[in-house]
Every structure is written in C-alpha cells, then in structure tokens.
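Just so you know, all these numbers are worked out from the coordinates, no wet-lab data involved. Not measured: the values here are computed from a predicted model. Positions of Cβ are generated from backbone atoms using ideal geometry, with glycine treated the same way; all protein chains shown enter the neighbour counts.
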Amino acid sequence: MANSHDFKLSASTANLKCTDLLPYKNTDVTLEFLQKVVDVLKEFVMQTNDRNVKILDFRHPEDMKKILDLEIPEQGLNLQTLINDCVSTLKYQVKTGHPHFFNQLSTGLDIVSMAGEWLTATANTNMFTYEIAPVFILMENVVMTHMREIIGSNWKNGDSILAPGGSISNLYAFLAARHKMFPNYKEKGIATIQGQLVMFTSDQSHYSVKSCASVCGLGTDNCVIVPSDINGRMIPAELERLVVDRKGRGHIPFFVACTSGTTVLGSFDPINEIADICEKYGMWMHVDAAWGGGLLLSKKYRHPRLTGIERASSVTWNPHKLMGTLLQCSTIHFKEDGLLMSCNQMDAEYLFMPDKLYDVEYDTGDKVIQCGRHNDIFKLWLQWRAKGDEGFEKHMDRLMELSAYMVKRIKEMPDKFYLILEPEMVNVSFWYIPTRWRGVAHSAQREVELGKICPIMKGRMMQSGTLMVGYQPDDRRPNFFRNIISSAAVTEKDIDFLLSELDRLGHDL
Ligand code: ABU
C-alpha cells in the first residue's frame, strides 16, 4: 500500500474536522475528502491484483498495536489524519482478493460486487421494511425467486431470506423445521414437545449445525453425528441405523442436515439416498450448500454432486463463497412459503403496521429473528446483472478446471506432494513433502511428520507475505493443507507459483 503522503488533502482542507463536512457545512470539502477516500480504495484494489505486491505485511498483535494509533481521542482528529488512518488500515489488511490467497472459502475481489457494496453503504438503509428500502426489497424478491428456481422447478413458490452468514441460515432451517413439526412451540415453548428431539448430520458437516442443537435447547448430545466414508460423504446406512437407534430410545428424530460441499474436503453427501431416509421416517431434510451451492449454476458440475437437492425442505447457499459476491451474502431457501413468517413473526407494532400505504407483504423483516438487517442483496443483484447466468456458469467451470489443473500438477510431482483424495470441488487436500522425507514410503508415521511441518510452513508463508494456504487436521489425519480456488483472479501460472513457493518455503524442513 502506498504511504500516507501519497494521499494528501489540500492545505486548506487537511486540518479541517468532520464538522466541516456535510451535513454540517461544506460541499466542496466533502467532495475532496470523499475523492481522497476513493483514491485510497482504488489503490488497494490495484495492489490486490498486482502479483508483485505481497498479500500481507504480517506483524504480531503486540507489534501491530505499537505501529498503529487505534486510540479513541477526546477531541476529534483532522481530515488528513482520517485519510492516513484509512491508508494504514489497508496497509496491514490481508489482500483476500490477491491471486496468491488460497486460504479461505471466500476469496477474490469482484469489482462489480464491490461497487455494489459501495452503493449499499451510501444508501445506508435497513432491510426490514419496503417503506425504507423499496428497490432493494424488490431486488431481493427477484434474486431469491431466481435462486429457488435454480434449486428446483418445484421451489418457485417457496420463500427465502438473506441471513448474516451460513451458520444463521442453518439456524433458520432448524427453526422452521421445528415449527413445522410443532407449531405450538412458538407460544408454548419446550413443554409442547413430549420427548427428546434429535437431529442428524455427518462428522464432516459445519460446526454451526451442532451449534443449532446447543442454541435451540436440544443439547449437542442430541445432534447425532453420522460417520462419513473415506471421501467425506455421509453414509446413508449409518444415518438410518442411528435414526432407528434413537427412535428405539423413544426420541423424536426430526431434522437431517446434509452437506453439499464440506468445509475441509469439499465433499457432497448423497442427497437422494438421504432424502429417501428422511421421507421414510418423516424427517425434515436440510441441505447445507453454503459452500457447494454455486455449482448449481454449472450444467457440467451440478450432477451428480447436487442431484436430488430439489427434494430438500430447505437449502443454505452462500453467494459470498463460490460465486465471489462480496462478504457477506448468505441465503436460506424454503420449498414451502409462509413458514418463515409464521415461525418468526412477532408483529412489532412500531415497525410492521398492517395499515400502511402499500402491500405489507413486502415488509420482509418480520420473517427473521433479528430486527435490523444489512442490505446484502444489491451487490449480488448487480453482480448477477453483470455476469448473467452464463457468466456464473463459466466462473464455476473455470474454478473446477483450475482445481483439476492443480491436482494434475501435484500428481506430476509425487516426490514433493501427496494428494490426499480426488477432490469433488475446489478444495485440494495434500501434504507437502520436504527433502528429507522424499523417497520414504508413505506411512502413518510419515503423515505425523508431514503434519508437523504444516504450521511451520504457514508461519513462513505469512512472514514472507507471498502466499496463504490453510491447514488443519481432521478425524482421520494430522495437519494437512487445504487449498481453495474460489477467486476469479487465479490462473494456471498462480497454481504453478503456489507449488513452487511451497517448495521454496518448506524444502529444508
Ligand atoms: N464456514 C466458513 C468458512 C470457513 C473457511 O473459509 O474455511
């Protein structure tokens, strides 16, 4: 990031205060200040896309505190200091849109979506009523309907809402499922359920599913963890065995969360087989496609991964992941209309008056358990307008193609890399093999040793600022690398760089 001196306000403006800006005073000063902020942002965008610029300038928290002035002053600071604050904030921010950032499921910096987010911030409205967000509410309606139609032709007349993250989307699914089975729960509470509710999800699912059991009073012991196979997919026979077991104990199995795109391995549970079991035992089937949902947009990759998703009762799908929409943008969809509202509606009289000027069906805020709701739709709507369905399909196909390229390159270098499994999507799981472990037969002991070097290499990546790839252990293995390709910025050359940089950083370990 350039230094503060590159972003100098004019001498007459620099020492002014926020009280010299609109709405208090001066239009010209306001325009100059805003232009300078935009200049700072544009510089960050350029640097994010410059492969010669580092992804991050890592400092330990204690050092960072010394470098930055984060204190809240008694007297307001001048406009130049605020510009300098913007510069130093971005100087130490990780460039998550950098082509060498492979660390998270949400990567990239989609320019149109970012422009949308800028507009959203400027409009600064709340999404609870049509009264104060008319255009955005209509956009939400259009985009959510479009997404439901993509999920399944029988979903058009369902319902959807944008939620603050996939975990909360999953929570909405849980709440709606319980409401469907026990409509009195809302008024009468726990006493209305005569027995122990139990839910099921795989050992690879996102932790937010288990969190629902804790938050909603089941207790995590009643979120039954179903074993997955070697590829990380839920084993349907195990699900049925566990359902029967719980029923035998007098419990009430009611909810199954399958995962389409697990966080670590990127695996897809067999939806159709799980749907058969849900139908047989009268359970709600939720599909957590927060991560893998983007592949619904690809004719080539949708099947078999998401085959059967239209049989679900609810689907979580996060555009801020594979689709590259700016954070955050998370959606939850229901096949049945009306459930969200009847489950969550509180009829706050000061906000959702029934006798308003317009059709109050458009006051969607009463469908959710939060009051204030951030506008997450405009950036997605604008991005979808820019790309069209065709553009998103190409984006998905390209990400999958790049992941296949990475797998191919890894296989071409078996001395240096060990591929853990054939990926179903853009998660590539592997170990890096330093010089001293090359030519040694793969074994549990070698896995332990390769696992030990992951955090050391990650530390080196962050210190050098050239690369970011995530690592973690799982139930079957010690630490291994999980590489994510979800950014439109990545090319084959970046993958070649990634592999050679890992070798540079780790060969001596
Ligand atoms: N489930 C949130 C995303 C976590 C990740 O980026 O790995």
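Details
- A straight Cα-to-Cα reach below 19 Å connects residue 387 with the lysines 299, 300, 321, 379, residues fewer than 8 places away in its own chain not being considered.
- DSSP-defined antiparallel bridges as percent of all bridges, the chain, nearest 5: 50 percent
- Using Cβ point charges alone (K and R +1, D and E -1), the dipole size of the chain about the Cα centre works out to roughly 1220 debye.
- About its Cα centre, region 4-95 has a charge dipole of approximately 260 debye under the convention of +1 per Lys or Arg Cβ and -1 per Asp or Glu Cβ, with nothing else charged.
- Contour minus Cα-Cα distance for residue 419 and residue 299 (0.36 nm per residue): 40.5 nm
- With each label modelled as a point 7 angstrom along the Cα→C-beta vector, the residue 493-residue 349 pair spans 6.7 nm.
- Contour excess over end-to-end distance, with Cα ends at residue 17 and residue 93 and 0.36 nm allotted per residue: 24.8 nm
- Calculated P(r) tail over 17 Å for region 22-91, as whole % of Cα pairs: 57 percent
- Ordering of 454-462, 27-35 by packing is 454-462, 27-35, highest average first (other Cβ atoms within 10 Å, averaged per residue).
- Candidate lysines for bridging to residue 247, where Cα separation is under 22 Å - those fewer than 8 sequence places away on the same chain excluded: 180, 210, 280
- From the C-alpha gyration tensor of the chain, square roots of 5λ in Å: 38, 35, 20
- Rounded FRET efficiency, nearest 0.05, which uses the C-beta distance separating residue 385 from residue 28 and R0 of 30 Å: 0.35
- Taking 0.36 nm per residue of separation and subtracting the current Cα-Cα distance, fully stretching the chain between residue 327 and residue 37 would add 102.4 nm.
- Where only C-alpha atoms are counted, convex hull volume of region 384-506 per residue in Å³: 114 Å³
- Förster-model FRET efficiency, 30 Å R0, residue 8 and residue 464, C-beta, rounded to 0.05: 0.40
- Max-minus-min Cα coordinates of region 158-344 on each principal axis give 46, 36, 24 Å, with the largest extent listed first.
- Lys, Arg +1 and Asp, Glu -1 on Cβ, resulting dipole of region 384-506 about Cα centre, debye, nearest 20: 480 debye
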